[in-house]
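Structure first, commentary second.
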Amino acid sequence: MNRIFACLLILAPLMAAAQEMHPPLHRLTWEEYSGTLVHWRKAHPGLVTLESRGMSGRNMPVYLLKITDASVSSDDKQVCLVTTLHSGPERTGTSGAMAFAEWCLGDDPLAVETRRRQILLIMPCVNPLAMFYTDRFRNEHGVDPYTGSARIGKLWDVKTLRLTKPEEAPELAAVLSVIDEHQPEVHVDLHGTGLQEYAPDQLGSRRMYQGQIMTEVTGGAYSNYALRPWDWRVTEAMIDAGREAGFPSDRFEADAQRTFWGPELAPLGRKLWHGMPLFYSAHYGYARFHSMIITQEVAWEQSLVARMKGLMKIGNGVWQDECTVGYPVNRMRHFVGHFVTACGRNARERRASRVELWNQQADFALGFLYPQTAGRESFVVAATAAAKKAVAGRRFPGAVQSFIKAGPEIKVAMDQTDEQLLAPTTDARITHGIGFRMRLPYRAPAKLDVRLNGAPLRQDGADGYQSWFADGFTQLQVNVPPSKLEPEGLYFITCAYEPGEQRRNGWMPPAEVRKASASDRADATPATHVDVPYGSHFRQTLDVWLADPDKPAPVVFYIHGGGWGAQDKTDIHQHLDVRAFLDAGVSVASINYRFLADANAAGVSPPLQWPLQDAARALQFLRSRAVEWNLDKTRIAACGVSAGGCSSLWLAMHDDMADPKSGDPVARESTRVRHTVTKAPQPSLDPRQLVEWIPNSEYGGHAFGYAGRTRREAFAPFLASRDRHLADLREWSPISHASADDPPAFILTTKEDRPPVKGEPQPDPTHSALLGLMLQETLRPLGVKCEVRHPHDGRPATTLQEQLFQAVMSFGP
């Protein structure tokens, strides 16, 4: 006992000091609260009206304080609603609302301006029973006005936006009646600190203490990230105003450095921001009238006033990308930077238009010409079934059709499919006008030609278009007043303009890379037809450059290299000057083909057969288009580098693979060519023959299914198992098909550092001139011309281009 008494003696001074530092705060009474509201009404008769909008428990009115300058017409005033849906235990929400109301009635020039420009609807205490008696969130029926939660479940029917038992939530019903009547632009709901976490046995005198604070937040709620302005710049403006007054704000997930929750992200659990997108009572105004929602936590009343002053400045002024005074609440439907907007000459008319459009916009269909093009902008909105049907059928007014045809765009991109456009729908009943916003990404575009359904529009804010530079764009607003609404409900806006500045698109690799890839040459000679499919696999495509001769043109048929596992048909420009062939009346084709990896994945053995078969099929396909593309299919030269050269030689020496009896017209075409001009090809894939000519040979194993980190690793087992592949070698090795009817062949190599000698190792055994000499030795007895050129042959240097050009020009008629 003595020890306890001694402890008490020690603690008593400390407790007294703590109480002195944090003395109890005054507890606002009902009489003081209601008396203050009545006092303000009497003291400011031209500014204040006071209404009871419902009755809380113990017959306490739910008051609405309306503050505005009655001497100024309300036609062009914004409406800002301030509520305290958690008033009661969160006492600073109510005291903050009272402090804000007091500021609104003061002489601060901003307050005076706000009264002239806005109607402020303040409900300082939504739940008087909780505020002045129970200090609990729920009313006498167990309903929480903030969430709409009852003792069992929620009272909200979100689909119909109705309370299932409004008689159990008179406080909430009072708030909803105010929202229904005034359709506010902004709804600010105030929360704060108080006695909400105090257990009943801790309530004591029910007085907060001086210094009882909380982390203030602006714009949203920790539990529900859907309770915030859609424009974060509004929140930041309020935070800035609070910070300038000395009061900082927490920024939710930004300060926590967390991403939002979503159904597919749920397994990440504790790595996500803990708030959820939920329907709370404040969403009612947004759902019904497109009111902007703002939730705030209040620790210091003056902090709330400072942040609200930041908001009032927004409502009193012109928003960042608008041209009329007011809050940014007038965009009703969007599609990739194109917006359906409210329309009207003043705030009252825009509010009526906003509410009307907001409740019908879900049935609109939006679109624009795609891709978007500098100097041209468009926006189409279909608001009825007839309009959607016209869009699905691409039936637009003649002047619109002319605009479409004049541009490079490929389609009218819509936010609905044609099937959705043609589905039964509800026609919009628009009576208050409609607006449209487009944005041009230039500061000073000139010669704007803005049209609606082909008819020119004049510069007129009420009936026509407006343009101004804001937020980095030239904003383009088109307003259609009630008298000019389109009966069919189709609105196709076009705008031709001069950007006023030159901006280049695209990025180019460094000059060294462009030179190696012949990028500039490729850009200067675009193909006539790109990525034409000749098979079902995504790699089975070809590009075609068509000459424009008086008679069918000869053709260069190019096959790229890369060991049948790399590179692309565009590498033709690294080896050939396509433009020179076109100027000479020669058409050109370059193909892609399936890689060895594709064949391996499909279980094809040997995998080499796929790229070789694709070369044959692509050639047959090209011949099948001879009439359409004005090609002479009897005068085709095959050309390729490395593996592409091997494929070219295989085509040239293989017997014709045409099938005259096939039901497929492509398969009936020939696979033979008149000449081959290749660079560093592999005429033979027989490993024994290769080693005989070049002892350090290492190429070919991968083509027959042998894996290895290097070509050498794949070649060794291939050589050891060579006899198992005799049948495959007879079919897929070009030299095995050599015969007297083979076309002439020209082979060029460029990497020899000394004259090639059979039986000696080579610096590049895969691309050695010895491989060409091997083919030459095979074809000479057959009477087939085969010319091999290399750096040490003692003759003037030549190029693939030069030799191919000579070959094609030598073709007879």
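The values are calculated or read from the model by the stated rules, or taken from the named source; none is laboratory data. All of these numbers come straight from a predicted model, not from anything done at the bench. Glycine gets a Cβ as well: all are built from the backbone with ideal geometry, and neighbour counts include every protein chain shown. For the accessible areas, the whole protein counts, side chains as well, though only heavy atoms, and no ligand, DNA or RNA atoms are used. Shrake-Rupley method; radii C 1.70, N 1.55, O 1.52, S 1.80 Å.
List of remarks:
- Counting Lys and Arg as +1 and Asp and Glu as -1 over every other residue whose Cβ lies under 11 Å from the Cβ of A282, the net charge comes to 0.
- Highest mean packing first, where packing is the average number of other Cβ atoms within 10 Å per residue, the peptides 209-215, 324-330 line up as 324-330, 209-215.
- Residues S662 and E628, FRET efficiency given R0 of 22 Å [Cβ-Cβ distance, rounded to 0.05]: 0.65
- Area of K785 that stays accessible when all protein chains are in place (1.4 Å probe, Å², to 10): 130
- Counting only lysines at least 8 places from K661 when in the same chain, those with an alpha carbon closer than 25 Å to its own are K633.
- Surface analysis of the chain yields an accessible area of 45 Å² per residue, using protein heavy atoms and a 1.4 Å probe.
- Sequentially through the stretch 274-291, phi angles give Karplus couplings (6.51, -1.76, 1.60; θ = phi - 60°) of 7, x, 10, x, 10, 8, 10, 4, 5, 6, 4, x, 5, 5, 8, 10, 6, 6 Hz, Gly and Pro residues having no value and appearing as x.
- Whichever aspartates and glutamates have a C-alpha closer than 14 Å to that of K77, once near sequence neighbours (fewer than 8 apart) are set aside: D69, E113, E185, E349
- Order by protection proxy (mean Cβ within 10 Å, highest first), peptides 601-611, 187-197: 187-197, 601-611
- Within the shell defined by Cβ-Cβ distances under 15 Å, the residues around T29 carry a net charge of +2, with Lys and Arg each +1 and Asp and Glu each -1.
- Three-way shape call for the stretch 200-345 based on the alpha-carbon gyration tensor, with the a/c threshold at 1.5: oblate
- Largest to smallest accessible area among F436, F811 [probe 1.4 Å]: F811, F436
- Per-residue HN-Hα couplings for the stretch 423-439 [Karplus 6.51, -1.76, 1.60; θ = phi - 60°; Hz; x = Gly/Pro]: 6, x, 8, 9, 6, 6, 10, 9, 10, 9, x, 8, x, 9, 10, 10, 9
- For the stretch 110-233, alpha-carbon Rg over 2.2 N^0.38 Å: 1.22
- Phi-derived couplings, Karplus 6.51 cos²θ - 1.76 cosθ + 1.60 at θ = phi - 60°, listed residue by residue for the stretch 518-526: 6, 4, 5, 5, 5, 5, 6, 10, x Hz, with x used for Gly and Pro.
- Net charge contributed by nearby residues that have their C-beta within less than 11 Å of A241 (K/R +1, D/E -1): +1
- Heavy-atom accessible area ranking, 1.4 Å probe, most first, across W30, W545: W30, W545
- Structural descriptor for the stretch 599-746: relative contact order 27 percent, calculated from alpha carbon pairs under 8 angstrom and at least 6 residues apart.
- Within the chain, antiparallel bridges make up roughly 60 percent of the DSSP beta bridges whose residues both belong there.
- Set of lysines with alpha-carbon distance to K758 below 30 Å, sequence-local pairs under 8 removed: K679, K785
- Residue ranking by accessible heavy-atom surface, 1.4 Å probe, largest first, among F260, F335 comes out as F260, F335.
- Computed with a 1.4 Å probe on the full set of protein chains, the accessible area for R711 sits at about 100 Å².
- Distance from the alpha carbon centroid of the stretch 117-175 to that of the stretch 188-226 works out to 18 angstrom.
- Sequence-distant residues sharing a close amide H with R333 (under 5 Å, placed H): V340
- For A547, the residues whose amide H sits under 5 Å from its own are S587, V588, ignoring neighbours fewer than 5 places away on the same chain, with H placed 1.01 Å from N.
- Interchain or long-range residues, amide H under 5 Å from T474's placed H: L440, Y442
- Exposure check, 1.4 Å probe, all protein chains in place: F492 carries approximately 0 Å² of accessible surface.
- Here the gap between L265 and A727, fully extended at 0.36 nm per residue and compared with their Cα-Cα distance, gives a gain of 160.8 nm.
- Two-site label geometry, R116 and S402: point separation in nm, points 7 Å out along Cα→Cβ: 5.0
- Taking 0.36 nm per residue of separation and subtracting the current Cα-Cα distance, fully stretching the chain between K42 and E488 would add 155.1 nm.
- The Cα center of the stretch 465-495 and the Cα center of the stretch 623-677 differ in position by 57 Å.
- Per residue, the chain reaches -8500 deg cm²/dmol at 222 nm when only DSSP H runs of four or more residues are counted, each adding -39500 (n - 2.57).
- For the chain, the relative contact order is 7 percent, taking Cα pairs closer than 8 Å that sit 6 or more residues apart in sequence and dividing their mean separation by the residue count.
- Cβ-Cβ FRET estimate between E244 and E181, R0 fixed at 30 Å, reported to 0.05: 0.30
- Applying both filters, DSSP loop and at most 12 other Cβ atoms within 10 Å, to the trypsin sites (Lys or Arg not before Pro) of the stretch 429-486 gives R429, R443, R458.
- Relative contact order of the stretch 434-486, defined on C-alpha pairs under 8 angstrom at six or more residues apart (%): 45
- Efficiency of FRET from Cβ geometry, N696 and E777, R₀ 25 Å, rounded to 0.05: 0.80
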